[in-house]
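K.L.:
Mind having a look at this structure? Questions to follow.
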Amino acid sequence: MRRDDPGDGAGRSQGAPAAEAAAFARPAEPYGGTAVDERPGSPAAARAGIFREALAEAAGPILHRGVLTSGSADQLAALVARAAQVPSACIQFVEGSRLRLYGSWGISADWEVVAETGLDNSLGGLVIRTGGALIISDAQADDRVPDGILRSDGGAYLGYPVHDRFGLVLGVCCAYDHQPREWTPEQITAVAEAAEVATLLIGEQLARYELEQQHRFLDAVLDSLHDGVTACDASGRIVFVNERMRRLWGDGTDLASGLTDATGSPLTRDDLGLNRALRGERIRDEPVALEGRGRRTRHFLMDAQPIHGLNGRVIGAVQAVQDVTRQRRAERFRSCELAVTTALAEAPCIEAAGPRVLEAVVATLDWVHAELWTVDEGAIRPAARWSAPGWPADIVVPEFLPYGQGLAGRAWQVDKPLWIRDVGRPQSLISPAMAAAGLHTALAIPVHDGSGTIGVLTVFADAVEDPEEELVALMSGIAAHLGQFVERRRVEDLQRQLTRSKNEYLALIGHELRTPLTSISAYTELLREADEETLVRDGPRLIAVIERNTNQLREIINELLELSALDAGHADVRRTPMDLAEVVRDVVDRTRVAIDGAPVVIDADLPGELIVPGDRDRLRHIVENLLGSAVRYSPDGGHVGVTLRSTGRAAELAVSDAAGDVPRIEREQMFTGLYRTARGHDRTLPGSGLGLTLSRAVVEKHHGSIELTGGDAGTTVLIRLPLEAR
């Protein structure tokens, strides 16, 4: 259908004649003529490529969208049709090897049919190639018109090239009629002016496109930065906030909220970098802090500077902030570890080092309370505590916690770090009293040495905190320092004790060996110098003394050899069923005979028979040692008790003396073989000081136990031996 009076809404009518007329706009071949140099590699050619890429990107899935919007291009085509007084007009642009329709008037074919045409054998291609106007009055009489593209009755075509601002031909603005006609100068001028208008529109749209591309590129660059960036205009209104800044400080509308300077003083909006930059100030690496969720402080370095216009006046400001919280925290963690190491190096024991260690931990974490617990006799007890300055010092801390109870007891049980997000919640491991003190998040870290868990380090915050691996790693490192400190101190104490005990033992053994040797030497000298009468009279007595001291010396040497063999595993302990009651009874009887006349009484409470798997000779030797020591240490008139009984699956042998109780601190040392209690004094039976050491070695070979107990009435050695073989 032909529309002689184009008006609003034209350009989408139906009918084949208009489709044939649209063919007038098809270019003849790829363009070759331009108004400027378009040789490969020339600046104009590069600009042309950029613009064509822009057209291709702008077109998208909707074909009539492009550098010229559909509305403006269609309106311009309608103006061309009215001015040229023709039924149809269109505007096309080059895209690669084709022409794409961007605006039209009076085209009756489907949009998909005429939207794209090739550059070969078309009038539009001829305009592109020559770079000048193409005026055809009668298509049938004009040799420039390719065959087969016009109706049999011919037609008229008027086309002008569309340039960019650099003069490069980018498209065609054309008017056409289905009937031959002569184009008046006014019509030719109208189409030429329309092409100029299209050039202006292209320039404007291209400038917008380039500006938009620059904005997108700049936005992508700024959003990819690790620094937060904010910009404002001359009035201080925020005009840009990159993605990093939104994550750090929100949308930038209230940048001063929660901020403090390096001294902790609150910042006002006038103190912010943007406002200071608007006043002409340049800021570099200025520290600021932001109190975030959970009262955790984040640290930043701020830069800011004014933005100057062409006239030198300030037209805005830009501010950049870098989050250095992790770096600051790493520095504080290193300082904390240094403080802990220093405290441990200067402290004699873990109890003395505890307060300084906890103080360093509390200050580093910005938490409020910390405790150090140590494992002691089946329970865990507080060894040190520390609360932040200004925090109540009366936080209730239990005197001890059983295994698996409370936060420290549970960390001891599970032997791994425990993070309690809020101790105030029901079923918390913290006592209600501690939760009522305002504590929330808690962290417990077990402390290990070479033997296992020896304590627990606990810290508390006054706010709810989510688990942080960095904090757990720091606390685990500090706990490792504590464990190494305890182990190192234990080794040093053992070394000192070993050196002291060795010296004491050498002195003791020297004395014990020297005493019988002195007697043997003295009595041997007496025998050598005695005359015949003296030898007859005193010889047997002197020889008896020599023999007794020789036996004592032999006993000391045998005990040393036996102890060495047991420790080295060379001694063979044969456990066969034996009557322990019989052995004890025989030793008691022999000892009573040996001390006949001494002011010491031996009381025995023995069963008729008690069978145990054991080495008869070695168990007899133990009973002799224990009974001899009890007699030796008991005062005049004292009673020595010997009791043997079966309890459950064990036989218990108790040997008690009437001397004062051995101090608790000395009890374990007496089993070392390198220690002798100061309460001892020599009475009827001499001793080597190895009796308890040798007894423990033999008892342990029998899978039994031996310990010292007692009170003011005396000391008891208690031996337990299994009744069944293991």
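The values are calculated or read from the model by the stated rules, or taken from the named source; none is laboratory data. As the structure is a computational prediction, the values presented were derived from the model and not from experiment. So basically every Cβ, Gly included, is an ideal-geometry build from the backbone, and we count neighbours across all protein chains shown. Accessible surface is based on the protein model in full, side chains and every heavy atom, while ligands, DNA and RNA are left aside. Shrake-Rupley method; radii C 1.70, N 1.55, O 1.52, S 1.80 Å.
K.L.:
Using a 1.4 Å probe, what is the accessible area per residue for the stretch 165-232, in Å²?
P.N.:
Per residue, the stretch 165-232 has an accessible area of 51 Å².
K.L.:
Still on this structure: With r defined as the distance between the Cβ atoms of Leu338 and Leu218 and R0 fixed at 51 Å, what FRET efficiency is calculated, to the nearest 0.05?
P.N.:
0.70
K.L.:
Go ahead and run the numbers for FRET between Glu532 and Asp605, Cβ-Cβ distance against an R0 of 60 Å, rounding to 0.05.
P.N.:
It comes to 0.65.
K.L.:
Taking 0.36 nm per intervening residue step and subtracting the Cα-Cα distance, what contour gain separates Thr576 from Glu525 on full extension?
P.N.:
13.6 nm
K.L.:
Among 515-525, 85-95, how do they line up from the highest to the lowest mean number of other beta-carbon atoms within 10 Å?
P.N.:
The densest-packed peptide leads the list: 85-95, 515-525.
K.L.:
Sequence-distant or interchain residues sharing an amide H contact under 5 Å with Ala388, placed H: which?
P.N.:
Excluding prolines and chain starts, which carry no amide H, the hits are His369.
K.L.:
Further question: What accessible area per residue, rounded to a whole number of Å², is obtained for the stretch 313-472 using a probe radius of 1.4 Å?
P.N.:
47
K.L.:
Would you mind putting 408-417, 209-218 in packing order, based on average other-beta-carbon counts within 10 Å, highest first?
P.N.:
The most tightly packed comes first, giving 408-417, 209-218.
K.L.:
Taking a ≥ b ≥ c as the square roots of the Cα gyration tensor eigenvalues, with a/c under 1.5 meaning rounded and otherwise prolate when a/b beats b/c, else oblate, which class fits the stretch 189-239?
P.N.:
oblate
K.L.:
What ranking of Thr499, Thr453 comes out by heavy-atom accessible area, probe 1.4 Å, highest first?
P.N.:
Thr499, Thr453
K.L.:
Packing-wise, with mean Cβ within 10 Å as the measure, how do 576-582, 76-82 rank, highest first?
P.N.:
The most tightly packed comes first, giving 76-82, 576-582.
K.L.:
Taking the Cα centre of each part, how many Å lie between the stretch 296-328 and the stretch 581-615?
P.N.:
Cα centroid of the stretch 296-328 versus Cα centroid of the stretch 581-615: 94 Å apart.
K.L.:
How many angstrom lie between the Cα centre of the stretch 339-401 and the Cα centre of the stretch 126-203?
P.N.:
Here the two parts' Cα centres lie 93 Å apart.
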